[in-house]
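S.K.: Can you keep this structure in mind? I'll have questions shortly.
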Amino acid sequence: MFDLKQVILTKECTSPVTQYLLEITTTDSTDGFPKVFRYTDLCHPDLSSMSLWIQDQVHTLEQEHAKRVILILGDEITLKVEK
């Protein structure tokens, strides 16, 4: 079992296409060590439960002309948009 700690969605502008990179940081509840999962395909089957959230964040990146969206989960949930 994993506890979700942070999700970072980054927009990489490479010619001729824009690519989105997703990095998910979790903590293993068994040993307490962090684990990082990185995806370049946002349609990956592992991400099916997050697909709506990912679509919303991609939309946010496009609307805000931003480079990165960071979601931090702890005692409070923090959402940062970096331009």
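The values are calculated or read from the model by the stated rules, or taken from the named source; none is laboratory data. Because the structure is predicted, anything quoted here is derived from the model rather than measured. Here the Cβ positions follow ideal geometry from the backbone for every residue, glycine too, while neighbour counts run over all protein chains shown. The accessibility values were calculated without ligands, DNA or RNA, using every heavy atom of the protein model including side chains. Shrake-Rupley method; radii C 1.70, N 1.55, O 1.52, S 1.80 Å.
S.K.: Restricting attention to the stretch 57-83, report how many residues are of a type in the set (Asp, Glu), part of a helix (DSSP H, G or I) and surrounded by 12 or more Cβ atoms within 10 Å (Cβ to Cβ).
M.R.: Summing the residues that are of a type in the set (Asp, Glu), part of a helix (DSSP H, G or I) and surrounded by 12 or more Cβ atoms within 10 Å (Cβ to Cβ) in the stretch 57-83 gives 1.
S.K.: Restricting to the stretch 20-61, count the residues that are of a type in the set (D, E, K, R) and touching a strand residue (DSSP E or B) at 6+ places or on another chain (Cβ under 8 Å).
M.R.: Count: 5.
S.K.: Could you grab me the full set of residues in the stretch 25-44 that are exposed (fewer than 11 other Cβ atoms within 10 Å of the Cβ) and not aromatic (Phe, Trp, Tyr)?
M.R.: 29, 30, 31, 32, 38, 40, 43
S.K.: Among (1) among the hydrophobic types (A, V, I, L, M, F, W, C); (2) farther than 21 Å from residue 83 by Cα; (3) assigned to a strand (DSSP E or B), which single condition is residue 52 missing?
M.R.: Result: residue 52 fails condition (3) only.
S.K.: Quick check on residue 42: is it in a strand (DSSP E or B), touching a Leu at 6+ places or on another chain (Cβ under 7 Å), at pLDDT below 90 and hydrophobic (A, V, I, L, M, F, W, C)? Even if it seems obvious, please write down each step before you answer.
M.R.: Values: in a strand (DSSP E or B): no; touching a Leu at 6+ places or on another chain (Cβ under 7 Å): yes; at pLDDT below 90: yes; hydrophobic (A, V, I, L, M, F, W, C): yes.
No.
S.K.: Please state which one of 4, 47, 22 is open to solvent by less than 80 Å² (accessible area, probe 1.4 Å), part of a helix (DSSP H, G or I) and touching a residue at least 12 places away in the same chain (Cβ under 8 Å).
M.R.: 47
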